[in-house]
Amino acid sequence: FGLSMADFASVVPAGKAQPGRVVLVRYFLERAGASIDRASSMSWENPPTKCSAQDIKLFLVNAGILGGGMTAQVRLEEFQCYMGLDAVEPAMTFDFTESRANKPRCLDIRLTNAGVEDSEPALSSCTMAPVGLFALSMTVGLEAAVTLSKLQDNSIEPSFAVPFAVYGFWVGGFLQLLVGIFEATRNNIYGATAFTAFGCFWLANGTQFILTTYFALPDEPLLKGKMPWGTLIKDAYIALFILVLFYQTFRMNRVGSLIIGFIAVWLIMTICAGWSDGFAWAKIISALFLSLVSFYGFTAELTNEIRHKEVMCMWPVQKENDEVFGAAGKGRALQPTLYHLRQLSGRHGHNGHESPPRLSSTIGQDDPPKLAPGKIVRQII
């Protein structure tokens, strides 16, 4: 964002004991790909002018940064290395006498989590949700074309049912099932649930299309007759499943809500189409809207993932819900720890007291490193 020291000073209030004395504490959790350049940050108001390692540790604990089996190391700029706070000699202190709000000194902290789950390297697998959304968009659009060919003669060639049976099985069924399995490895409980279920639904539909299209089934009511009540029972279970998914989207993003909402409308029209051609036409219209919204979700999510920012709006309910079908499960993973660290308020002075203690100094930080770009609202993320 190109923020300057003056910008930082404008949002960091001065302390009461010694107005204007502020230290910028940058911290990051040790893991694969993590570094001080990608750290979070908060302001330390009114720190001791001569700060010891124990003062730093006390601040980290009071601020909620250090805890839960974590250990902290402080960076020694003079030696270009990190040292554990408990290993720093008491005589070694940091000089923050001249650290002011308009020119804060930086204190770099590296955190290590002793838990096995949190210390594991981050997964390197990417999200497969965009291709799953494209599969949904394409399959529903093709299905609408097949329905149109049944309602309107010569609108779509009858032979189109042949490739649709294959695409319904592989793209609508197998591909979505595969996406759901990959999303499960990312701890994406919502994406795994939605895509695996939709994939299996379309595998069943695709199997039926293949049997009726490629194999000469006897022309008997048992095999080719209409079954509106049987379809109602089957689709009622799917409708309840979609209703639960729709409820969960209220805590995710609006694009996901639109997609699941149109799926529900499309399913209702599918159920009613067995009794009236008017509902069949409504089914085609709802399928077209569903296909368009799903294709937008595919384009937006793929674009935002590649650009590493929100280029196309997803209208998330919460800031972290930037995936159409993305919601983490409650299993212990790295994400909850990182999210907690990044949401700290930073409204802690030294030890919660107005007047911090005075300590001797042997280590100073003359020139603070440049601030990494970030968003400053008392805390830089």
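Determine if the range 280-292 includes at least one residue that is open to solvent by less than 70 Å² (accessible area, probe 1.4 Å) and touching a strand residue (DSSP E or B) at 6+ places or on another chain (Cβ under 6 Å).
no
Considering (1) under 22 Å from residue 125 (Cβ atoms); (2) surrounded by fewer than 18 Cβ atoms within 10 Å (Cβ to Cβ), say which one residue 208 fails and leave the rest.
It fails just one condition, (1).
Filter the range 161-198 down to the residues that are among the small types (Gly, Ala, Ser) and in contact (Cβ under 8 Å) with a residue 40 or more places away in the chain, then identify the one that is surrounded by the most Cβ atoms within 10 Å (Cβ to Cβ).
So the residue we want is 194.
So if I check each of 119, 124, which one is open to solvent by 20 Å² or more (accessible area, probe 1.4 Å), out of contact with any strand residue (DSSP E or B) (no Cβ under 8 Å at 6 or more places or on another chain), farther than 19 Å from residue 298 by Cβ and at pLDDT below 90?
124
Residue by residue through the range 245-270, note down the ones that are of a type in the set (A, V, I, L, M, F, W, C) and either touching a strand residue (DSSP E or B) at 6+ places or on another chain (Cβ under 8 Å) or open to solvent by 20 Å² or more (accessible area, probe 1.4 Å) (or both). Walk me through how you get there before you give the answer.
In the first step, residues of the range 245-270 are kept if they are of a type in the set (A, V, I, L, M, F, W, C); the result is 245-246, 250, 252, 255, 258-260, 262-269.
If the condition is that a residue be of a type in the set (A, V, I, L, M, F, W, C) and either touching a strand residue (DSSP E or B) at 6+ places or on another chain (Cβ under 8 Å) or open to solvent by 20 Å² or more (accessible area, probe 1.4 Å) (or both), then 246, 250, 252, 258, 262, 264, 265, 266, 268, 269 are the ones that fit.
All but one of (1) within 35 Å of the chain's Cα centre (by Cα); (2) open to solvent by less than 30 Å² (accessible area, probe 1.4 Å) hold for residue 53; state the number of the condition that does not hold.
Failing condition for residue 53: (1).
Could you please tell me which pairs satisfy a Cβ distance under 8 Å, a separation of 6+ or placement on different chains, a first residue in the range 141-157 that is over 17 Å from residue 276 (Cβ atoms), and a second residue that is at pLDDT below 85 and surrounded by fewer than 17 Cβ atoms within 10 Å (Cβ to Cβ)?
Qualifying pairs under 8 Å: 149/155; 149/157; 149/158.
How about the range 303-317: which of its residues are hydrophobic (A, V, I, L, M, F, W, C) and open to solvent by 100 Å² or more (accessible area, probe 1.4 Å)?
The answer is 306, 315.
The values are calculated or read from the model by the stated rules, or taken from the named source; none is laboratory data. As the structure is a computational prediction, the values presented were derived from the model and not from experiment. Note: ideal-geometry Cβ built from the backbone for every residue, glycine included; neighbour counts use all protein chains shown. Only protein heavy atoms, including side chains, enter the accessible area calculation; ligands, DNA and RNA are left aside. Shrake-Rupley method; radii C 1.70, N 1.55, O 1.52, S 1.80 Å.
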